[in-house]
Amino acid sequence: MQWNELQKIIAEEVAAALSRQRTRTCDCHAVLYDCCPDRVRGVIDAGASRLGLYAGEKVPAGVASLIDHTLLKADASRQEIEKLCKEAREFGFATVCINPFWVATAARLLKGSQVGVCTVVGFPLGATATDVKHFETRRAIFDGATEVDMVINVGALKSGELGMVERDIAAVVGPCRDCGVLSKVIIEAALLTDEEKVTACTLSKAAGADYVKTSTGFGPGGATVADVELMRRVVGPDIGVKAAGGVRDYEALKNLVSAGASRVGASAGVKIIQESKGGPPTPAAPSPPGKSSY
């Protein structure tokens, strides 16, 4: 795509998204956005169709298939990774989401299951050089990753270097597409204005990403309903939206899915599943200072 054309699209997307946000009406029925009868159709088309139809605050019975069972803390041990993979097999989570070092281990442990292996690139700051992100992606795929969550260069976005941001995303999306691996772009929404969120989502869409994702879980804030709604409006029905960061219970998951999330990243996946089935919740340990609230 020519850069001038992309700039025009970004400007149009920002204007349209902010206009819709003010009026809160849908284009299809001209009613309040929250009342639109087609509201969840984009979520289903974006990847939740295998889970069945839902409405209102209900979540499909296969809720585990929405969850990337996540362990990204720096001090995660081999035993903890093995436990994560065992839980993922048992509950049927979409993936385990782990740091790159553990990809080969997880791929071996999950071989023959329906659980994918998701890893992170340029994590958690996004400030890694583009060619390094490209190599990280190729290595992760070689080790067995089936999904890659990359962090955008937030500083470049805020500096207005939008061409660089798109090339950075494309450096990860390219090898993912070549190998049939899903790519997700973490925009770290808590650091961005609404205009910047729209721009980041538009650039991700232009670069061919499969998903946009709210947060790393290591930033100043995690997933919010407002951010998921905005991201879904911008990317439309053809791209997934992953909500991550601070999703600790079933109620939070329901709210985010109702807002437009087609995947949720959570370290409290087992607790969420137990709550969804009406079982006794497992108390979540508080995150120590400096640790991810993913």
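Tell me, what is the FRET efficiency for residue 249 and residue 135 to the nearest 0.05, using R0 = 45 angstrom and their Cβ-Cβ distance as r? Don't skip to the end; give the middle numbers.
On the way: r = 38 Å, r/R0 = 0.84.
In this case the efficiency is close to 0.75.
By the count of neighbouring beta-carbon atoms within 10 Å, fewest first, 134, 69 end up ordered 134, 69. Each principal axis of the Cα cloud of region 38-276 was evaluated for its coordinate range; sorted largest first, these ranges are 45, 41, 32 Å.
Say R0 is 22 Å: what FRET efficiency, to the nearest 0.05, do residue 277 and residue 83 get from their beta-carbon distance? Can you show the working numbers first?
Values: r = 20 Å, r/R0 = 0.93.
Given R0 = 22 Å and the Cβ-Cβ separation, E is 0.60.
All C-alpha pair distances within region 150-281, sorted into 5 Å bins from zero, spread as 2, 12, 21, 22, 19, 12, 7, 3, 2, 0 percent across the bins.
By counting other Cβ atoms within 10 Å of each Cβ, how are 210, 68 ranked from fewest to most? Could you put the intermediate results ahead of the total?
Details: 210 21, 68 27.
Listing 210, 68 from fewest to most nearby Cβ atoms yields 210, 68.
Counted by neighbouring Cβ atoms within 10 Å, the residues 113, 276 run from fewest to most as 113, 276. At a Cα cut-off below 23 Å, give the lysines reachable from residue 158, other chains included and same-chain residues fewer than 8 away excluded. Cα-Cα hits under 23 Å: 8, 133, 184, 197, 205, 213, 242.
Computed from the Cβ-Cβ distance with R0 of 25 Å, the FRET efficiency linking residue 5 to residue 99 stands at 0.10.
Computed from the coordinates by the stated procedures, all read-outs in this text should not be read as laboratory data. Predicted model only: the values in this text are computed from it and were never measured. With ideal geometry, Cβ positions are generated from the backbone for all residues, glycine too; neighbour counts draw on all protein chains shown.
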